[in-house]
Every structure is written in C-alpha cells, then in structure tokens.
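What follows draws every value from the coordinates through simple rules; no lab data is involved. What you see is a predicted model; the values in this text were computed from it and never measured. Every residue, glycine among them, receives a Cβ derived from its backbone with ideal geometry; neighbour counts consider all protein chains shown.
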Amino acid sequence: MEEKILVVDDEKEIADLVEVYLKNDGFKVCKFYNATEALVCVAHEEISLAILDVMLPDMDGFALCQKIREQHMFPIIMLTAKVSDMDKITGLTLGADDYMTKPFNPLELVARVKTQLRRATRYNKAELPDEEELDIRGLHISKKSHKCILNGKELALTPLEFNILWYLCEKKGSVVSSEELFEQVWKEAYLDNNNTVMAHIARLREKMKEPARNPKYIKTVWGVGYTVED
C-alpha cells in the first residue's frame, strides 16, 4: 500500500518543497496550509504519518497534534521555527514523535519520515509468541496484540509510548535510566540534554491518569531513572 503523508504548513514554499522531496521518494502527499482542512483529510483518508508546522493561521500545530491524537496513532513530526526546549517538550508531551526546526535539510526530514514509519510498522507487527504478555496490578500489556489494558479499559498509546511502557514493565523491579530507555526504544545515541524521555513519560502518566507526584505504576527514582515496581 502506498504510504500517505500529511503535510500541514502555512508557508506555501516550505509545504511545496516538502511535497516535492516526499513525492520523489515515492510517497503520496496530502498537503494543506491550515489545520481545518487537514483535520477533514485525517477523518477521511488513511494517513501513514503527519508533518505539522506549529504556526498555523487557524489553530497552532500543538493543538492540531492533540486533536489528531484523540483518534489516530500514526507518527507525527513537528516542524517549526521555535527552538526552545519547552516548545519541544510541549510537542512531545502532546503526542508528537519527532521534532525538526527551520531551516531544515529536506533530505534529513525525509530520512526521519522513513525512520518513524519503520518504527511504527515494527511496533505494530504481531509476530511474537502468545506468552509475551505482562500483568502488573491491574495493568495488562500484550506485545502480540499491541494492546494495553488498565483496570479493564484499553489505553490509546502511540507505538513509542507502548514500547516505553513495555520495556519498563519487562524490567519491573529494576531502575531504568533515561539513557538506557532512550537507546532501547529510539535505537539512537542518548544526549545529556535530551528531554524526550521525560516528555513521553509525562504523556504516558497522563493517559494512565497517574498523579505526577505519587504515581502507582511508573515511578521516578530521582537522579537515576524510572521503575515499575512488582
């Protein structure tokens, strides 16, 4: 099936440039200059990945990302001129999977698109044995079905969120450092100033309705990392 990429950017030149590079690599592109039309597209098309600009005329990209995440789990890459750590954390906390700042190299963007699509495909494949399931105090997580049930209710997790939770549950009783978690899930080298893990943990806790100060499942061991207790 041809992979369909949603591109939303109110700067026509940038949107057109991204479209050209993606099409040259064999992707089908749905391109829009505002969030309203993009949401209509998402409701009717089977999107494989979205590239969202933060500054849009009718709704900022963070809000658009959050709207998409209410119904869809495909990867999202935020594309923006903003460069502060807080902007990046905001995007990741709201469900984005990656973040690029302008100006950017279109070839790097296409490479990141391919990386996110590979991860999404790999995490969604149900090719592991039935016994790869874990139960922890009302939390049931299955790597075969790629589902997570908490107290009888299924959680809508992105592939990255699922993989983070699975790794922590698999290592239950042990403390996992941010560096280890990042390198195991993202398969990339960890940088000292990387806030990606923290942002995704915060998003996971929000979906699990966990209080940040006293969570039941994903606990912070200050200065060390994260743990899921037995």
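Counting alpha carbon pairs within less than 8 Å and at least 6 residues apart, what relative contact order, in whole percent, applies to the chain? Before the final figure, lay out the partial values.
Values: 359 pairs, mean separation 31.7, N = 230.
Reported as a whole number, the value is 14 percent.
Restricting the count to DSSP beta bridges whose residues both fall in the chain, what percent are antiparallel, rounded to a multiple of 5? Write out the running numbers ahead of the final one.
Working: 15 of 32 bridges.
Bridges in the chain are about 45 percent antiparallel.
Taking amide H atoms as placed 1.01 Å from N in the peptide plane, list the residues 5 or more away in sequence, or in a different chain, whose amide H sits under 5 Å from that of Lys147.
Those lying under 5 Å, H to H, from Lys147 are Ser142.
Over 23 Å between Cα atoms, which of Lys153/Lys216; Lys31/Lys114; Lys23/Lys102; Lys23/Lys143 qualify?
Details: Lys153/Lys216 16 Å; Lys31/Lys114 18 Å; Lys23/Lys102 20 Å; Lys23/Lys143 33 Å.
Check vs 23 Å cut-off fails for Lys23/Lys143.
Which of the aspartates and glutamates could be linked to Lys209 by a straight reach, that is with a Cα gap under 16 Å, when you skip same-chain ones fewer than 8 residues away?
Correct list for Lys209: Glu70, Glu154, Glu161.
With θ set to phi - 60°, apply the Karplus curve 6.51 cos²θ - 1.76 cosθ + 1.60 along the stretch 17-29 and write out the HN-Hα couplings as whole Hz, x wherever there is a Gly or Pro.
In residue order, the calculated couplings are 5, 4, 4, 4, 5, 5, 5, 4, 9, x, 8, 8, 10 Hz.
Taking the 0 to 90 degree range and rounding to the nearest ten, how far is the long axis of helix 159-170 tilted relative to the main principal axis of the chain, both from C-alpha atoms?
Around 10 degrees separate the two axes.
Step through the residues of the stretch 182-189 one at a time and calculate ³J(HN,Hα) from phi using the Karplus curve (6.51 cos²θ - 1.76 cosθ + 1.60, θ = phi - 60°), rounding each to whole Hz and writing x for Gly and Pro.
4, 5, 6, 8, 7, 6, 9, 5
To the nearest 10 degrees, how steeply does helix 196-207 sit against the main Cα axis of the chain, on a 0 to 90 scale?
70 degrees
Amide H neighbours of Ser174 under 5 Å, at least 5 residues apart or on other chains, H built in the peptide plane: list them.
Val228
According to a simple spin-label model (label point 7 Å from Cα along Cα-to-Cβ), what is the distance in nm between Val175 and Ser145?
Using points 7 Å along Cα→Cβ, the separation is 3.5 nm.
Taking amide hydrogens as modeled 1.01 Å from N in the peptide plane, which residues meet the under 5 Å criterion relative to Val29, leaving out close sequence neighbours?
Result for Val29 returns Ile5.
Residue by residue through the stretch 134-151, what is 3J(HN,Hα) from phi via Karplus (6.51 cos²θ - 1.76 cosθ + 1.60, θ = phi - 60°)? Round to whole Hz and write x for glycine and proline.
Per residue, the Karplus-derived 3J(HN,Hα) values read 10, 10, 9, 6, x, 9, 10, 10, 10, 7, 6, 8, 6, 10, 10, 10, 10, 6 Hz.
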